[in-house]
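**Student:** First, the structure itself, so that you have it in front of you.
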Amino acid sequence: MADIVYLTKEGYNKLKAELDQLRTVERPAVTAAIAEARDKGDLSENAEYDAAKEAQAMLELRISKMEATLANARILDESNIDTSKVQILSRVRLKNHSNGKEVEYTIVSENEANLKEGKLSIGTPIAKALIGRKKGDKVNVTVPAGVICFEILDISI
């Protein structure tokens, strides 16, 4: 049995749109590139044909991985999120005691992680250390740079 992937409704729709783009735009473009390269003659010495076939294989692999992810996806309902403790989909405001700065992260699945948007993967050391903790808790997190002490200032959705 494949692993269950938890996604927000937004993340699910984004992944579905990307898969549709790959199927309807990218796949026909790669097929056309293969046909064009095939028309150029001897396939045994045709680097353009080899490159197009390799691009097709990579595209098909991406498509199959996305299909598997969507098939095993479970959409998380934000209305069922308990804000008394940190869990997936929690928005957590933290104070870094090492430098005194405040940061805010939303804990999301690996597929939706984007640090620029403040979306932290549940598989990261920080997220793992925060799961199950409550507002006011101090958490020591071991990261590659050492140990950082965070204080949970707020938990919301």
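The values are calculated or read from the model by the stated rules, or taken from the named source; none is laboratory data. In this text the structure is predicted, and so the values were computed from the model without any measurement. Note: ideal-geometry Cβ built from the backbone for every residue, glycine included; neighbour counts use all protein chains shown. Surface accessibility is based on the protein's heavy atoms, side chains included, excluding ligands, DNA and RNA. Shrake-Rupley method; radii C 1.70, N 1.55, O 1.52, S 1.80 Å.
**Student:** Those residues that are farther than 22 Å from ILE131 by Cβ and either in contact (Cβ under 8 Å) with a residue 24 or more places away in the chain or of a type in the set (D, E, K, R) (or both), I need them from the stretch 70-100; list them, please.
**Tutor:** Across the stretch 70-100, the qualifying residues are LEU70, ALA71.
**Student:** Assigned to a helix (DSSP H, G or I), open to solvent by 90 Å² or more (accessible area, probe 1.4 Å) and touching a residue at least 40 places away in the same chain (Cβ under 8 Å): is that true of LYS65 in this structure?
**Tutor:** no
**Student:** Which of the residues that make up the stretch 75-86 are in contact with a helix residue (DSSP H, G or I) (Cβ under 9 Å, 6 or more places away or on another chain) and either surrounded by 15 or more Cβ atoms within 10 Å (Cβ to Cβ) or basic (Lys, Arg) (or both)?
**Tutor:** LEU76, VAL86
**Student:** For residues in the stretch 86-116 being of a type in the set (Asp, Glu) and at pLDDT 90 or above, which is nearest to the chain's Cα centre (by Cα)?
**Tutor:** Top of the filtered list is GLU104.
**Student:** I would also like to ask the following. Go through the stretch 45-62 and count every residue that is polar (S, T, N, Q) and part of a helix (DSSP H, G or I).
**Tutor:** Residues that pass the stated criteria total 1.
**Student:** Those residues that are at pLDDT 85 or above, over 21 Å from the mean Cα position of the chain (by Cα), loosely packed, with under 15 Cβ neighbours inside 10 Å and of a type in the set (A, V, I, L, M, F, W, C), I need them from the stretch 1-45; list them, please.
**Tutor:** Those that are at pLDDT 85 or above, over 21 Å from the mean Cα position of the chain (by Cα), loosely packed, with under 15 Cβ neighbours inside 10 Å and of a type in the set (A, V, I, L, M, F, W, C): VAL25, ALA29, ALA32, ALA35.
**Student:** In addition: Those residues that are assigned to a strand (DSSP E or B), surrounded by fewer than 17 Cβ atoms within 10 Å (Cβ to Cβ) and touching a residue at least 40 places away in the same chain (Cβ under 8 Å), I need them from the stretch 124-149; list them, please.
**Tutor:** Correct list: LYS138, CYS149.
**Student:** Right, here's the next one. Identify all residues within the stretch 96-119 that are among the basic types (Lys, Arg) and either closer than 25 Å to LYS9 by Cα or crowded, with 17+ Cβ neighbours inside 10 Å (or both); write none if there are none.
**Tutor:** Of everything in the stretch 96-119, those that are among the basic types (Lys, Arg) and either closer than 25 Å to LYS9 by Cα or crowded, with 17+ Cβ neighbours inside 10 Å (or both) turn out to be LYS116, LYS119.
**Student:** Let me ask something additional. Quick one: is THR83 out of contact with any Leu (no Cβ under 9 Å at 6 or more places or on another chain) and of a type in the set (Val, Ile, Thr)?
**Tutor:** Judged against the criteria, THR83 is a match.
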